[in-house]
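Student: I have a structure here, written as structure tokens, and I will follow up with some questions on it.
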Number of protein chains: 10
Amino acid sequence: MVTAIALINVERGKVNAVAEALASLEGVSEVYSVSGSYDLVAIVRVATNDDLARLVTDDVGEVEGIAGTHTMLAFRAFSRHDLERMFALGA
Amino acid sequence: MVTAIALINVERGKVNAVAEALASLEGVSEVYSVSGSYDLVAIVRVATNDDLARLVTDDVGEVEGIAGTHTMLAFRAFSRHDLERMFALGA
Amino acid sequence: MVTAIALINVERGKVNAVAEALASLEGVSEVYSVSGSYDLVAIVRVATNDDLARLVTDDVGEVEGIAGTHTMLAFRAFSRHDLERMFALGA
Amino acid sequence: MVTAIALINVERGKVNAVAEALASLEGVSEVYSVSGSYDLVAIVRVATNDDLARLVTDDVGEVEGIAGTHTMLAFRAFSRHDLERMFALGA
Amino acid sequence: MVTAIALINVERGKVNAVAEALASLEGVSEVYSVSGSYDLVAIVRVATNDDLARLVTDDVGEVEGIAGTHTMLAFRAFSRHDLERMFALGA
Amino acid sequence: MVTAIALINVERGKVNAVAEALASLEGVSEVYSVSGSYDLVAIVRVATNDDLARLVTDDVGEVEGIAGTHTMLAFRAFSRHDLERMFALGA
Amino acid sequence: MVTAIALINVERGKVNAVAEALASLEGVSEVYSVSGSYDLVAIVRVATNDDLARLVTDDVGEVEGIAGTHTMLAFRAFSRHDLERMFALGA
Amino acid sequence: MVTAIALINVERGKVNAVAEALASLEGVSEVYSVSGSYDLVAIVRVATNDDLARLVTDDVGEVEGIAGTHTMLAFRAFSRHDLERMFALGA
Amino acid sequence: MVTAIALINVERGKVNAVAEALASLEGVSEVYSVSGSYDLVAIVRVATNDDLARLVTDDVGEVEGIAGTHTMLAFRAFSRHDLERMFALGA
Amino acid sequence: MVTAIALINVERGKVNAVAEALASLEGVSEVYSVSGSYDLVAIVRVATNDDLARLVTDDVGEVEGIAGTHTMLAFRAFSRHDLERMFALGA
């Protein structure tokens with residue numbers, strides 16, 4: 001499983017609409033509206049780097065109202081939870 | 001459930017040690033080492049704002065090797081997963 | 001009581017109008033026009049995190065003339081004043 | 001009444017100690033530990049600009065563990081609360 | 001006397017016009033066009049904090065061509081000149 | 001007369017000492033301790049560019065406790081005051 | 001061989017189009033869409049500084065959809081690969 | 001093949017030493033010393049995300065003299081060259 | 001002779017046109033298109049501070065296509081060349 | 001001729017010493033101490049890119065007191081002066 005975290009800024013008044021659009025994309029596991037300098041944090045869990053490229057460059061690029069995106073690839077996960085099983089792709 | 005996402009920078013050569021120390025703290029659900037300007041992203045899931053305050057100010061403050069922390073409170077979660085059940089506190 | 005502090009920038013010439021609009025929102029305790037890099041500082045005091053999410057994402061998002069918002073959740077209050085009583089919600 | 005808001009960063013592991021030291025200073029009304037890029041937000045309410053200068057330059061300058069301070073003078077307060085009476089100086 | 005220093009950026013080609021408009025405002029003592037990251041520096045000398053609030057929020061906000069303003073309140077003046085007498089208000 | 005404005009940051013707890021040291025330098029007309037991102041603002045009024053170079057590079061460089069300096073050359077002054085006469089050099 | 005690396009930001013939804021346009025320019029060896037603060041990284045390998053100037057200032061300047069470019073000249077290459085031979089110009 | 005580009009700053013006087021240490025690491029294809037805000041750019045070409053994690057977090061973390069690293073994952077490569085064949089892993 | 005160096009950003013696709021317009025201004029000695037965060041560097045050599053003010057505020061302000069300018073006054077020149085003679089004003 | 005402009009910050013109190021050390025290096029044509037965010041601007045004029053690499057990475061790296069360097073390669077020169085002849089290398 002390839003995991004990435006995206007920090008996202010949206011145009012004024014579009015936080016909920018963009019969050020819902022992102023959460024409906026295949027591969028986007030969770031979206032949080034957050035306090036601070038960013039508006040949204042999206043957690044992406046996909047099978048391959050190609051899926052990640054397609055999701056970030058193509059799918060996210062088509063969501064209206066996004067002002068900026070900063071994506072971070074997760075190198076390793078440290079957790080007491082079995083994240084692979086919990087977010088089993090295709091499940 | 002109160003969720004927060006922390007963007008963390010660590011001192012050189014301490015990424016794995018800090019990630020493991022953070023992941024062992026009660027309330028820290030997942031820690032990811034990531035590409036980009038930050039070294040680690042920690043997902044915090046606790047029961048109350050007081051637990052969050054205790055975790056961020058007291059527990060994380062005692063982990064050796066952290067150079068900087070930027071914590072974001074999650075206002076709302078947008079997900080097709082039942083995050084409350086998956087990360088059931090006390091489970 | 002959940003407290004948050006918002007640092008706000010507004011469009012040119014709209015400081016007073018935005019400050020008054022914000023101060024009239026339920027949950028916004030005080031708004032200050034300030035010197036320095038930000039235009040306004042708003043102190044938010046609400047009952048729950050859900051109220052905070054609704055206020056910041058929905059209500060503030062509808063105020064005309066806001067150019068940017070940086071919201072900080074207060075983890076703990078240190079004060080010789082009994083803030084809970086002074087700003088009793090519903091009072 | 002002269003009001004100012006100070007955004008403060010502290011050295012690692014000193015959030016509580018600095019917050020308590022600041023809250024005990026005459027003229028500091030409230031101190032909040034906060035999420036985000038700053039560690040503490042202090043609300044200062046004093047009688048004159050000279051009191052503010054003395055507090056910010058002299059008293060705060062002597063608190064151990066402060067890494068940086070950004071002080072904003074409040075030009076005007078917008079509130080449904082009678083802040084002058086609630087935080088009556090000398091009360 | 002309350003003194004403040006404002007660092008100002010203006011729209012392209014409007015340095016002289018904005019400088020003259022600012023210098024004609026009551027309470028603005030001097031305006032300098034400067035080298036570096038800012039376009040203008042204005043020195044404000046007024047009688048009270050209320051005058052400062054009125055000048056910065058209301059009067060300056062109405063000057064056409066200002067792109068950004070960063071105002072700093074002077075806590076104390078250190079000078080061999082008798083600035084109070086030299087810039088006597090009302091004189 | 002050549003005028004320059006310097007924005008200065010000082011080491012913790014040294015605001016007053018550095019301000020007094022700067023104000024005693026020949027050519028430094030006024031020093032203000034200020035709110036915001038900078039600690040001090042110094043107004044320099046000297047006869048020639050060479051005096052300015054000597055003051056900024058040599059004299060200010062020897063003052064203990066300065067952490068950073070950003071100097072702006074004033075191209076033109078806009079004022080209802082006769083600044084040349086008020087700050088007559090040699091007077 | 002003169003080598004340069006360009007960090008590029010593009011307008012929303014134009015990552016693929018700009019990447020393809022850049023990759024088709026003579027002298028552009030490789031273009032990568034990337035995670036993080038930049039959208040694209042282009043590796044430029046040309047024969048002379050004049051070719052580099054022509055490519056960066058003239059050719060890249062005509063590609064639609066570029067929002068910003070930060071070009072870095074490579075002083076020296078450290079590699080176990082024979083880059084000169086692999087990317088032989090004219091080959 | 002997984003490709004990543006790392007922007008690296010090194011301590012004063014250590015550009016050549018760090019560049020040679022990085023270039024000798026398995027998985028680091030090329031290192032360039034560059035003009036501008038960064039000192040070095042390293043191109044990483046490895047077989048899997050795990051190799052990338054190991055290289056960036058473990059191996060690079062042990063190189064003496066690195067002051068900061070900003071790693072970008074390449075989502076897609078656009079090139080007229082057959083990069084997979086040219087930099088064939090294991091070759 | 002008064003020397004100043006200006007770091008200039010221009011609108012997309014206008015590097016050459018702005019560079020030529022600037023180089024034709026009296027007092028602008030050299031203009032370079034450059035790699036990195038800025039587009040152009042202009043070296044200004046004039047007789048007096050007044051000439052510098054006129055050039056920077058008035059003449060440069062009228063050149064179409066400039067997005068931003070950061071001007072630095074040269075305090076002193078260190079060179080084995082006799083710059084005064086080489087760039088003799090009026091020559 | 002290859003031209004580069006370097007923006008340089010130096011440690012406190014070392015502006016003159018670093019400027020003289022830089023000006024004595026072969027290939028450094030002029031060094032200016034400047035107002036603003038940088039301390040020094042150096043103009044480099046050498047015969048080849050290899051000379052530039054040697055100067056910037058090796059020679060400048062050995063000058064004591066430099067805190068940071070940002071080097072920009074000049075792509076093209078626009079000037080009414082015959083810079084090649086004036087700064088003839090070897091002359």
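What follows draws every value from the coordinates through simple rules; no lab data is involved. In this text, all values refer to a predicted model and were calculated from it rather than measured experimentally. Cβ placement follows ideal geometry from the backbone for every residue including glycine, while neighbour counts extend to all protein chains displayed.
Student: Whole percent per 10 Å bin, from 0 to the bin with the longest distance: what is P(r) over all C-alpha pairs of chain F?
Tutor: Distribution as computed: 16, 51, 28, 5 percent.
Student: Another one. How much net charge surrounds F:Val2 when only other residues with a Cβ under 13 Å from its Cβ are counted (Lys, Arg +1; Asp, Glu -1)?
Tutor: -1
Student: If N is the number of residues in the protein assembly as shown, what value comes out of its Cα radius of gyration divided by 2.2 N^0.38 Å?
Tutor: 0.97
Student: Here's another thing I want to ask about it. Which single residue of chain B puts its beta carbon nearest to the axis of rotation relating B to G, and what distance, in whole Å, does that give?
Tutor: Minimum Cβ distance to the axis, with residue: B:Gly36, 2.
Student: Say the cut-off is 29 Å between C-alpha atoms; which of A:Lys14/G:Lys14; G:Lys14/H:Lys14; C:Lys14/E:Lys14 go over it?
Tutor: From the list (A:Lys14/G:Lys14; G:Lys14/H:Lys14; C:Lys14/E:Lys14), the Cα-Cα distance tops 29 Å for G:Lys14/H:Lys14.
Student: Relative contact order of region G:2-77, please, whole-number percent, based on alpha carbon pairs below 8 angstrom and at least 6 residues apart.
Tutor: For region G:2-77, the relative contact order is 47 percent.
Student: Can you list the residues, at least 5 places off or on another chain, whose amide H is less than 5 Å from the amide H of F:Phe75, using H built in the peptide plane?
Tutor: Those qualifying (amide H under 5 Å, at least 5 residues apart or on another chain) are E:Ser33, E:Val34, E:Ser35.
Student: Let me ask something else. At 222 nm, what value in deg cm²/dmol follows for chain B if DSSP H runs of at least 4 each add -39500 (n - 2.57) and the sum is divided by all its residues, to the nearest 500?
Tutor: Using -39500 (n - 2.57) per qualifying helix, the result is -4500 deg cm²/dmol.
Student: Hey, another quick one. Taking the Cβ of G:Ala17 as the centre, find all other residues whose Cβ is under 10 Å away and add up their charges (Lys, Arg: +1; Asp, Glu: -1).
Tutor: Counting the neighbours of G:Ala17, the net charge comes to -2.
Student: How big is the gap, in Å, between the Cα center of region C:4-38 and the Cα center of region D:40-81?
Tutor: That distance is 19 Å.
Student: Further, regarding this structure: Would you mind counting up the charge near H:Glu30? Only other residues with Cβ under 10 Å from its Cβ, with Lys and Arg at +1 and Asp and Glu at -1.
Tutor: Computed value for this residue: +2.
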